[in-house]
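Before any comments, here is the structure.
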Amino acid sequence: MKTTLKTVMAACALVMGSHAMAQITFYEGEGFRGRAMTTDRAIENFDRTRFNDRTSSVVVDRGRWEVCEDSRFRGRCVVLRRGNYDSLRSLGMENRISSVRRIQNNRRYDNEPEPVAGPVYEYRQRP
């Protein structure tokens, strides 16, 4: 019994730890300019954050994230993985994101673009 309990506790800690490690930052302007909002959990409606349809660039620090045009993860969605996206225009998602959620790292998606190979702005301000 003790081994089963330890195994269950270890599995729970692993799951909770992997979710806490994921992080994404949204910027109002292209090139990581303007107001910023960082999250490490799903947001099903950006209306409450005052960021609905205002995101122009994104930095994914950890994890893979699905961003969608409509609230509650509906409409057209795109998967963003770790990297800098200095403009969402080429993805057709500029000023259109209304919801975001973390997705599994081991699953493949058709709508997963390559991150832009640009400079890393480690000095950028974060809320």
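Descriptive notes on the structure:
- Filter result for Glu94 (at pLDDT 95 or above, out of contact with any Cys (no Cβ under 9 Å at 6 or more places or on another chain) and either loosely packed, with under 13 Cβ neighbours inside 10 Å or closer than 17 Å to Glu30 by Cα (or both)): yes
- Hits in the stretch 39-67 - residues which are part of a loop (DSSP other than H, G, I, E, B) and either β-branched (Val, Ile, Thr) or open to solvent by 40 Å² or more (accessible area, probe 1.4 Å) (or both): Asp40, Arg41, Ala42, Glu44, Asn45, Arg50, Asn52, Asp53, Arg54, Thr55
- Candidate set from the stretch 68-91 (those that are surrounded by fewer than 20 Cβ atoms within 10 Å (Cβ to Cβ) and of a type in the set (Ser, Thr, Tyr)); member that is nearest to Ile103 (Cα to Cα): Ser71
To keep it simple, each residue is scored yes or no on (1) closer than 13 Å to Tyr27 by Cβ; (2) touching a residue at least 24 places away in the same chain (Cβ under 8 Å).
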{"site": "Asn45", "(1), (2)": "no, yes"}
{"site": "Trp65", "(1), (2)": "no, yes"}
{"site": "Glu69", "(1), (2)": "no, yes"}
{"site": "Cys77", "(1), (2)": "no, yes"}
{"site": "Tyr85", "(1), (2)": "yes, yes"}
{"site": "Ser90", "(1), (2)": "no, no"}
{"site": "Arg102", "(1), (2)": "no, yes"}
{"site": "Asn105", "(1), (2)": "no, yes"}
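The values are calculated or read from the model by the stated rules, or taken from the named source; none is laboratory data. Model, not experiment: these values are computed from the prediction. Every residue, glycine as well, gets a Cβ built from its backbone with ideal geometry; the counts of neighbours run over all protein chains shown. We work out accessible area using only protein heavy atoms, side chains counted, and drop any ligands, DNA or RNA first. Shrake-Rupley method; radii C 1.70, N 1.55, O 1.52, S 1.80 Å.
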